[in-house]
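The values are calculated or read from the model by the stated rules, or taken from the named source; none is laboratory data. Worth saying up front: this structure is predicted, and the values here are computed from it rather than measured. Methodologically, a virtual Cβ is constructed for each residue, glycine included, from the backbone with ideal geometry; neighbour enumeration extends over all protein chains shown.
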Amino acid sequence: MSQIPLFETTPHWTVSELTRHVRLALEADSSLQDVWVQGEVSNFSRPSSGHLYFTLKDSSSSLRCVVWKKDASSLRMSLQDGLAVEAHGAISVYEAGGQYQLYVNLVKPVGEGALFQEFLRLKALMESEGLFDPSRKRPIPELPRRIGIITSPTGAALRDMLNTLRRRLPLVEVILAPSPVQGEEAPARLVAALQTLNGKTKPDVILIARGGGSIEDLWAFNDERVIRAVAASKIPVISGVGHETDFTLTDFAADLRAPTPTAAAELATSISVDDLKYSVRQMQISLLDSIQSLLERQQVSIENVDFRLRQFSPARRLQTDQQRVDEMGHRIETSMRHKLELSLLRVQSLDQRLIALSPLGVLKRGYAVVSRSRDKRVVDSVKKVKRGDELNVRVVDGSFNVDVTNKSDG
Amino acid sequence: MAKQKSVADLSFEEASSELEALVASLESEQKSLEDSMTLFERGQALIKHCSDLLEKAELKVKQLTGDGLSDFKDE
């Protein structure tokens with residue numbers, strides 16, 4: 001038994017001295033300056049200073065951990081309570097608190113190392129076989145009628161996708177090919193679902209999806225059988241596995257990678273029901289425009305025909321003929337009147353001349369017409385009479401008979 | 001138009017592609033007034049059918065079970 005120095009009056013150490021001594025002793029142990037330690041994160045906090053504090057624990061112990069701000073920004077994963085992680089750093093003492101703790105500079109999920117190596121090996125193999133070539137990617141149909149979904153029938157991923165499809169394009173028919181998305185049997189079931197959809201129901205596009213999780217949770221989507229089945233699918237495949245930052249080899253093999261299940265459903269419906277309503281309205285406008293312009297063209301052509309018809313109408317011919325007849329009538333009338341006037345003038349002039357030539361006019365002036373009584377022949381020469389002839393003498397107001405008693409020449 | 005299925009029997013895709021072709025032919029081809037009016041009336045019926053399909057559409061979800069398909073009820 002050792003003696004406890006009950007009456008010692010001068011302490012050998014101050015608290016500070018002892019704490020510093022412990023710190024230096026720990027820091028001098030090089031095996032504690034480069035440690036990997038595995039545990040579950042708890043009491044995680046991120047104060048405004050930017051440093052991270054948490055406790056790593058297992059079933060029987062706990063270890064205080066600090067990540068300085070400069071290291072926090074380069075951590076490859078985000079920490080939260082409950083995560084199983086492997087942390088790397090150096091052991092030292094926080095002297096003010098008198099606590100030893102791990103000063104962390106690297107954190108990775110438990111088991112990541114081995115799985116990550118397998119991921120890289122498979123990725124290189126698939127790449128060397130050309131399974132991820134951009135030239136293999138098939139176009140996603142713009143307006144699918146039928147969408148195949150491969151996921152867990154009970155997961156949030158399915159609900160998210162159905163809600164998205166219901167909102168964006170309720171015209172589609174969804175064929176759910178249920179499959180576990182994690183666990184031992186998941187890969188074989190995922191492959192069978194892909195083959196069934198390719199074989200029988202033939203949707204226009206297939207969504208293969210699950211919600212977020214750890215790398216182990218998502219591992220079925222890095223299974224070689226699943227990757228090959230996705231690459232071999234005749235129907236285009238959109239993958240929506242995990243969260244934005246999660247990448248699986250299924251994503252590389254798929255024709256299109258969506259960051260989440262919801263995004264996969266959106267990418268499968270690039271044309272939404274609203275777009276379709278808009279295009280139907282546009283077609284309605286085009287239809288009305290085309291029929292209206294057609295009717296206008298018809299109207300114009302009817303007016304044109306009407307005009308031509310009227311030009312050639314018999315009524316018009318009749319009018320023209322009537323006019324011609326009227327005109328002829330007028331001309332005939334004019335010429336007749338002219339002729340009549342001329343005739344009248346001639347008659348008048350003849351009358352004047354007749355008057356001038358009438359023997360009565362001469363008789364008036366004192367001349368007489370002498371004719372033989374026996375034969376009424378006008379006596380215009382002495383040779384036509386002989387002594388004893390009875391002659392008739394006509395003067396202007398009457399006549400009388402005379403006998404020829406003598407005759408002499410000129 | 002060779003096929004003249006009744007408008008009510010057409011899927012949205014069939015109706016809208018027939019509608020597109022119909023509008024194009026009305027816009028480009030010389031047709032008799034009577035033919036045009038027939039086309040126009042069919043076009044109007046197609047538009048109504050398309051709008052109805054879009055308004056009334058409800059997502060159909062079926063589940064592969066064994067050899068066949070069965071209705072799937074979510075929520």
Problem - Any chance residue A:349 is small (Gly, Ala, Ser), modelled with pLDDT of 75 or more and in a helix (DSSP H, G or I) - result: yes
Practice task
Answer yes if at least one residue in the range A:158-168 is within 10 Å of chain B (Cβ to nearest Cβ) and either of a type in the set (Asp, Glu) or farther than 30 Å from residue A:272 by Cβ (or both), and no otherwise.
Solution key: no
Handout entry: the range B:42-75, subset part of a loop (DSSP other than H, G, I, E, B) and small (Gly, Ala, Ser), residue farthest from residue A:200 (Cα to Cα)
Key = B:57
Practice task
Select from the range A:185-233 the residues that are free of Cβ contacts under 8 Å to residues at least 40 places away in the same chain and of a type in the set (Ser, Thr, Tyr) and write down the one among them that is nearest to the other protein chains (Cβ to nearest Cβ).
Solution key: A:196
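Let's see how each residue does on (1) surrounded by 23 or more Cβ atoms within 10 Å (Cβ to Cβ); (2) under 17 Å from residue A:239 (Cβ atoms); (3) among the β-branched types (Val, Ile, Thr):
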position	(1), (2), (3)
A:157	yes, yes, no
A:160	no, yes, no
A:165	yes, yes, no
A:176	yes, yes, no
A:179	yes, yes, no
A:198	no, yes, no
A:202	no, no, no
A:207	yes, yes, no
Completion exercise
Selection from the range A:395-410 of residues more than 15 Å from residue A:365 (Cα to Cα) and either surrounded by 12 or more Cβ atoms within 10 Å (Cβ to Cβ) or out of contact with any Asp or Glu (no Cβ under 8 Å at 6 or more places or on another chain) (or both) yields A:399, A:400, A:402, A:404, A:405, A:406, A:407, A:408, A:409, A:410
Completion exercise
If we keep only residues of the range A:169-183 that are in contact with a Leu (Cβ under 6 Å, 6 or more places away or on another chain) and more than 22 Å from residue B:11 (Cα to Cα), then the residue nearest to the other protein chains (Cβ to nearest Cβ) is A:177
Fill in the blank from the handout: Contact list, first residue from the range B:23-52 and modelled with pLDDT of 85 or more, second anywhere and of a type in the set (Lys, Arg) and surrounded by 13 or more Cβ atoms within 10 Å (Cβ to Cβ), beta-carbon distance below 8 Å, six or more apart or interchain, is B:25/B:31; B:39/B:31; B:51/A:277
Practice task
Select from the range B:18-32 the residues that are surrounded by fewer than 13 Cβ atoms within 10 Å (Cβ to Cβ) and in a helix (DSSP H, G or I) and write down the one among them that is farthest from the other protein chains (Cβ to nearest Cβ).
Solution key: B:21
Fill in the blank from the handout: Scanning the range A:376-391 residue by residue, those loosely packed, with under 10 Cβ neighbours inside 10 Å and within 10 Å of residue A:403 (Cβ to Cβ) turn out to be A:387, A:388
Practice task
Find the residue count for the range A:117-156, including only residues that are more than 25 Å from residue B:72 (Cα to Cα) and assigned to a helix (DSSP H, G or I).
Solution key: 15
Practice task
Determine, yes or no, whether residue A:233 is under 33 Å from the mean Cα position of the chain (by Cα), hydroxyl-bearing (Ser, Thr, Tyr) and within 30 Å of residue B:20 (Cα to Cα).
Solution key: no
Exercise for the section: Look at residue B:35 and say whether it is in a helix (DSSP H, G or I), more than 9 Å from chain A (Cβ to nearest Cβ) and under 16 Å from residue A:278 (Cα atoms). Expected result: no
Handout entry: Of all residues in the range A:253-310 being over 27 Å from residue A:166 (Cα atoms) and of a type in the set (Lys, Arg), the one that is farthest from the other protein chains (Cβ to nearest Cβ)
Key = A:310
Completion exercise
Selection from the range B:38-75 of residues surrounded by 11 or more Cβ atoms within 10 Å (Cβ to Cβ), within 25 Å of the chain's Cα centre (by Cα) and more than 9 Å from chain A (Cβ to nearest Cβ) yields B:38, B:41, B:42, B:45, B:48, B:49, B:52
